[in-house]
1. I'd like the distance separating the alpha-carbon centroids of region 202-249 and region 133-181, in whole Å.
2. Can you find, among Q139, P223, M33, the residue farthest towards the positive end of the dipole of region 2-246? Put +1 on the C-beta of Lys and Arg, -1 on that of Asp and Glu.
3. Rounded to the nearest 20 Debye, what is the dipole magnitude of the chain about its Cα centre when Lys and Arg each give +1 and Asp and Glu each give -1 at the C-beta?
4. Quick one: among K20, K219, K107, which has the greatest mean-square fluctuation in a GNM of the chain with alpha-carbon springs under 10 angstrom?
5. Just tell me which lysines come within less than 17 Å, Cα to Cα, of K52; anything on the same chain fewer than 8 places away is out.
6. Residue by residue, what Karplus-based ³J(HN,Hα) values in Hz, rounded to whole numbers, does region 112-117 have, using 6.51, -1.76 and 1.60 with θ = phi - 60° and x for Gly and Pro?
7. Taking the highest mean first, how do the peptides 192-203, 220-231 order by number of other beta carbon atoms within 10 angstrom per residue?
8. Put +1 on the Cβ of each Lys and Arg and -1 on the Cβ of each Asp and Glu in region 1-130; which of Q118, Q129, Q93 then has its Cα farthest toward the positive end of the dipole?
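The values are calculated or read from the model by the stated rules, or taken from the named source; none is laboratory data. Predicted, not measured: the structure shown is a model, and the values here were computed from it. Virtual Cβ from ideal backbone geometry, glycine too; neighbours counted across all protein chains shown. Heavy atoms of the whole protein, side chains included, go into the accessibility calculation; ligands, DNA and RNA do not. Shrake-Rupley method; radii C 1.70, N 1.55, O 1.52, S 1.80 Å.
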Amino acid sequence: MKILVPVKRVVDYNVKVRVKADGTGIETAGVKMSMNPFDEIGVEEAVRLKEKGAATEIVAVSMGVPQCAETIRTALAMGADRGILVETDAELQPLAVAKLLKAIAEKEQPKLIILGKQAIDDDMNATGQMLAALLGWPQGTFASKITIEGDGITVTREVDGGLETVALTLPAIITTDLRLNEPRYASLPNIMKARKKPIDNLKPADLGVDPKPRLTTVKVAEPPKRKAGVKVGSVAELVEKLKTEAKVI
Ligand code: AMP
């Protein structure tokens, strides 16, 4: 079974994001970029399936600027076998990514595509669902556990107030939730080995897709600054302040 794992290059989750002075987006110049954390979980799950003998090949796909190749190298160092870079300077929105992934899926014929439930930069939570619709494949989103059984896959989903288990027939789309697994760190020997693994370089036109954005960003703004709190000396003082200052009781 071949598994396709889309991996997005995003601002590292440890970085405090700054809004550009003109409000058109966030500052990315000189900022540390890493693989989207939910995609690390996707790569880890694919590697575990390969280690168990349930998968034969893992293909990592990243789309965007040429530096997305570094994100693919990270996936290769974690255990993916080869990579596909779809290079473009265009702003890529979920529908364009889903269309590009559909074209790659038609070429590669994977049995499983494991995406992150959302990219932590745009928080769209849309690409996996759009891809499932475009391909006409079943989808198991927000997966916290997956089990392959013959030609099917059982997915436990984190839903409000509990867990839902769904059974899908392969080929299928999975999107990962935080508790699916804990991704491994790539070892130095595996980082070295990853350098020799192949990465194909494509352009959106090679896949017959026009990645034109459908949404226009009107404005990006910082959240309002919160006022500093005060420490109260006693419960009586707290109650007094809630009555007279906050006027909430
Ligand atoms: P989103 O719908 O933007 O929140 O992204 C959900 C998932 O789609 C991500 O976790 C990735 O697995 C995949 N994805 C989105 N954009 C890209 C991209 N430019 N390159 C590779 N994968 C992507």
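1. Centre-to-centre (Cα) distance: 31 Å.
2. Among Q139, P223, M33, the one farthest towards the positive end of the dipole of region 2-246 is M33.
3. So the dipole magnitude of the chain works out to roughly 500 debye.
4. Highest fluctuation among the options: K219.
5. Reachable lysines: K2, K111, K145.
6. Running phi through 6.51 cos²θ - 1.76 cosθ + 1.60 with θ = phi - 60° gives 9, 10, 10, 9, x, 5 Hz.
7. With the highest mean Cβ count within 10 Å placed first, the list reads 192-203, 220-231.
8. Final value for the positive-end residue is Q129.
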